[in-house]
Structure formats: structure tokens, C-alpha cells
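The values are calculated or read from the model by the stated rules, or taken from the named source; none is laboratory data. Please read these numbers as outputs of a predicted model, since none were measured by experiment. Cβ atoms come from the backbone with ideal geometry, glycine included; neighbour counts cover every protein chain shown. Protein only, heavy atoms only, side chains kept; ligands, DNA and RNA dropped before computing areas. Shrake-Rupley method; radii C 1.70, N 1.55, O 1.52, S 1.80 Å.
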Amino acid sequence: MREFRGGLIGCGFFAVNQMHGWHDVEGAGIVAICDRDPERLAEVGDQLGVEHRYIDAAEMMAAEELDFVDIATTVQSHRPLVELAASRRLPAICQKPFASSLDDAGAMVKAYAEAGLPLMVHENFRWQSPIRAVRAVIEAGEIGTPFFGRISFRSAYDVFSGQPYLATGKRFIIEDLGIHILDIARFLLGDAARVDARTARVNPNIAGEDVATMLLDHEDGAASIVDCSYATRLAKEPFPETLIEIDGSEGTIRLMQDYRLVVTGRSGVARKDVSPPLLPWASRPWHNIQESVVAIQQHWVDCLRSGREPATSGTDNLKTLALVEAAYESAESRQPVEPASPLS
């Protein structure tokens with residue numbers, strides 16, 4: 001079976017995880033990398049053994065025989081790079097946040113729809129094995145029909161030392177972290193018809209909000225609370241765990257700290273350790289996120305080979321982006337907001 005040849009654009013903080021992930025994926029590999037910073041390009045290339053290195057993405061796409069590109073740059077460059085890849089007829093993975101506006105996101109999705117090519121957003125949180133374990137319980141019908149959820153990510157972990165740009169933007173926690181947690185809410189409870197959000201800035205040394213609480217009305221009738229904080233100091237730091245509560249007509253699911261899953265349902269009470277595996281190249285406490293990188297990239301390869309649409313396609317991610325925009329609008333107006341339909 002032929003291995004798909006990929007090109008990685010962007011060799012920054014998170015892209016190193018993606019490069020390690022590509023080494024573990026079956027059926028694909030990265031044969032060329034691109035970054036505007038020569039030192040960073042050399043460091044990643046030397047560390048991970050990639051000889052073909054480029055400063056310019058267009059040059060890489062023209063020179064290499066690629067089957068796809070993995071765009072791991074910051075959001076401002078996503079639209080030109082995605083549209084460039086579409087013009088070269090290259091399937092693409094794009095880092096989150098997909099776009100800084102729904103108009104840009106819609107334009108990228110349209111470009112790929114017109115090209116008839118797959119476009120996936122690297123929305124990896126839903127691919128964490130503990131999150132998938134919760135989804136499997138719901139799908140099995142063990143707790144009946146869900147009517148309430150709480151998806152929570154609360155921490156005081158210093159995320160700014162590794163990604164200092166996070167402290168400078170007017171938007172922070174909803175755009176950077178909440179986007180993941182909102183996507184998990186959609187993954188577990190379905191699309192949301194309305195969001196009511198409140199935000200706060202507790203850390204005086206950052207420009208954006210570091211606390212957000214969002215109430216979602218889901219289209220299937222459930223309600224959920226999505227809460228995010230980087231200002232919550234706890235006796236035991238939970239970073240980077242997402243804690244989940246789901247109540248259903250026949251039982252409950254609790255994903256607690258240290259990856260303890262407790263299901264009270266039709267079959268009684270079941271307790272399970274759903275800790276993610278510690279991959280050889282991974283490190284605690286990041287290992288749950290690092291493991292999810294391999295999972296989503298393997299999903300991409302499987303979809304590319306079978307012709308299926310990825311679960312976190314550009315079209316799907318528009319719904320998560322619309323929730324992010326609606327949350328910011330709601331926080332400003334202090335009123336519930338219905339998310340926009342970007343492709344309508």
C-alpha cells in the first residue's frame with residue numbers, strides 16, 4: 001500500500017507534536033517541511049530527520065510530489081495558505097483556530113468544495129481517548145437520552161511561557177481553549193442553537209479574557225455548561241485534563257480528574273481508568289493531547305484513503321467557530337445569541 005506524502009508548513013510550538021505524530025501514523029509521512037524562520041526550520045528538520053526544507057510554501061508545493069499539506073501556522077496565515085493549497089489541488093489539514101472570522105473560514109471551505117478535495121481542521125481534543133470513551137458510553141445507550149452536560153477545563157497552568165503571544169491578543173481563552181471545549185460539547189451532545197456567555201480577566205498581565213462560562217442550548221433538547229479558566233488554582237493541578245459530567249434519562253457519566261470514568265447506568269455502576277497511553281516521544285502532562293494528535297492524523301489518512309469526509313472537516317468546524325463568535329457576542333451583550341450559519 002502506497003504511503004501518502006505530506007508537507008508540513010510551520011515548525012513552531014505545536015508542530016513538533018504533529019511531526020512526532022506523523023512518525024507513528026500508518027500510511028503517511030512528512031517528506032518536506034516549511035518555515036519562514038531558518039533556525040527553527042533547521043532545528044525541526046535535524047531533530048526529526050527531514051532533509052527537504054523550504055522557506056516558501058509555494059516553492060515547496062511546486063517542487064515536491066505531495067499528497068497533502070499539514071498547515072501548522074498561526075491563524076493570520078491560514079486563509080492564504082489554504083487557498084494556495086486548493087489552487088495546487090492538494091488536500092489540506094489546517095491548525096485551529098481555523099480562521100479569525102467566519103467569512104475567512106467560509107471562503108476556505110468554499111475553495112475546497114469547488115476543488116472537490118478534503119479539508120480537515122486539526123481539532124484534536126475530541127480525539128483524546130478519555131473523551132472518546134465518554135462518547136462510546138453515550139452511543140451504547142447506557143445512560144439513555146442525555147439531557148444535561150458540563151464540560152470543564154479549569155487550571156492555573158502557565159501556558160504563556162511556551163506561547164507568549166497568547167498574552168497579547170484581545171481574545172484569549174474562548175478562542176484558544178474554549179474552541180476545543182465547545183467542540184467537545186458538540187461532539188457529545190450535538191449542535192447548539194443558542195449560547196449565553198460570561199467572561200472575565202483575572203490575570204492583569206494579559207490582554208484578553210482568561211475565564212469563560214457558557215450555557216448552551218443543544219438542538220436535541222439537552223443543556224450544557226462549558227466552563228474554561230486559566231485562573232483557577234487547585235490543590236492538584238489538573239492541566240490539561242477536560243472533566244465531563246453527562247446526565248441522561250437512564251444514568252450518568254462522570255469523567256473525573258486522573259482520567260477516572262464512572263458510569264451509573266442500565267448495567268449498574270462501572271468504574272474504569274481511561275488514562276491515555278504515554279507515547280515514547282510524549283511527556284506528562286501533555287501526553288493526552290499528544291496521543292490525540294496521532295489519533296486525528298490517523299483518521300485523516302484513513303479518510304484520505306477511503307474517500308470519507310473527516311469528522312472535523314472544514315464544514316463541521318464552521319459550526320464550532322460560529323459558537324466561538326456567538327460566545328464573544330453574548331459576553332459583550334450579556335444576552336443569549338444564536339450562532340450564525342456561515343454557508344446559508
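In the stretch 200-278, Cα pairs under 8 Å separated by at least six residues give a relative contact order of 15 percent. Taking N as the residue count of the stretch 293-339, its C-alpha radius of gyration divided by 2.2 N^0.38 Å amounts to 1.63. Of the trypsin sites (Lys or Arg not before Pro) in the stretch 239-281, the ones in a loop by DSSP (not H, G, I, E or B) with at most 16 other beta carbons within 10 Å are 266.
Between residue 332 and residue 42, the simple spin-label model (points 7 angstrom out along Cα→Cβ) gives 4.5 nm. Normalised per residue, the accessible area of the chain is 44 Å², obtained with a 1.4 Å probe and no contribution from ligands, DNA or RNA. Distance between the pseudo-spin-label points of residue 283 and residue 170 (7 Å out from Cα toward the beta carbon): 3.6 nm. For the stretch 1-135, the pair-distance distribution built from all alpha carbon pairs, in bins 10 Å wide starting at 0, is 12, 43, 35, 10, 0 percent.
Each peptide in 36-45, 128-137, 207-216 receives the mean, over its residues, of other Cβ atoms within 10 Å, and ordering these scores from highest gives 207-216, 128-137, 36-45.
Taking 48, 234 and ordering them by how much accessible surface each has at a 1.4 Å probe, largest first, produces 234, 48.
Rounded, prolate or oblate: which fits the stretch 61-104 when a ≥ b ≥ c are the square roots of the eigenvalues of the alpha-carbon gyration tensor, with rounded for a/c under 1.5 and prolate only if a/b beats b/c? Mind showing how you got there, number by number?
Numbers: a/c = 2.48, a/b = 1.95, b/c = 1.27.
Since a/c reaches 1.5 and a/b is larger than b/c, the shape of the stretch 61-104 is classed as prolate.
Ranking 253, 287, 215 by how far each Cα lies toward the positive end of the dipole of the stretch 206-335 (charges on Cβ) leaves 287 at the top.
In terms of the mean number of neighbouring beta-carbon atoms within 10 Å, the peptides 101-110, 51-60 order highest first as 101-110, 51-60.
Mean projected area of the convex hull spanned by the Cα atoms of the chain, taken over all viewing directions: 17.5 nm². Projecting the Cα atoms of 128, 189, 231 onto the dipole axis of the stretch 115-258, where Lys and Arg carry +1 and Asp and Glu carry -1 at the beta carbon, places 231 farthest toward the positive end. For trypsin sites (Lys or Arg not before Pro), the sites in the stretch 289-322 that DSSP calls loop and that have at most 15 other Cβ atoms within 10 Å are 308. Charges were assigned to the Cβ only: +1 to each Lys and Arg, -1 to each Asp and Glu. The resulting dipole of the stretch 233-319 about its Cα centre is roughly 160 debye. For residue 145 and residue 77, FRET efficiency with R0 = 45 Å and r from the beta-carbon atoms, rounded to 0.05? Plugging the Cβ-Cβ distance into 1/(1 + (r/R0)^6) gives 0.55. Candidate cross-link partners of residue 96 among the lysines, defined by an alpha-carbon separation under 19 Å and a same-chain spacing of 8 or more, comprise 110, 170, 319. A simple packing score, the average count of other Cβ atoms within 10 Å per residue, orders the peptides 63-76, 8-21 as 8-21, 63-76, with the highest score first.
Once backbone amide H atoms are built at 1.01 Å from N, residue 120 has 92, 93, 94, 314 as its partners under 5 Å, excluding neighbours fewer than 5 places away on the same chain. With bins 10 Å wide beginning at 0, the percent of Cα pairs of the stretch 203-340 falling in each bin runs 9, 24, 37, 26, 3. For a straight C-alpha distance cut-off of 20 angstrom, the aspartates and glutamates reachable from residue 236 (same-chain residues fewer than eight places away being disregarded) are 158, 210, 227, 245, 258, 273. Take every DSSP beta bridge whose two residues both sit in the chain; close to 60 percent of them are antiparallel.
Over the chain, calculate the relative contact order: mean separation of alpha carbon pairs under 8 Å at least 6 apart, over the residue count, as a percent. Over the chain, the number comes to 19 percent. Normalising by residue count, the stretch 67-223 has a Cα convex hull of 146 Å³ per residue. The distance between label points at residue 107 and residue 262 comes to 5.1 nm (points 7 Å beyond Cα on the Cα→Cβ vector).
Each 10 Å bin from 0 upward holds the following percent of the Cα-Cα pairs of the stretch 166-239: 20, 45, 28, 7, 0.
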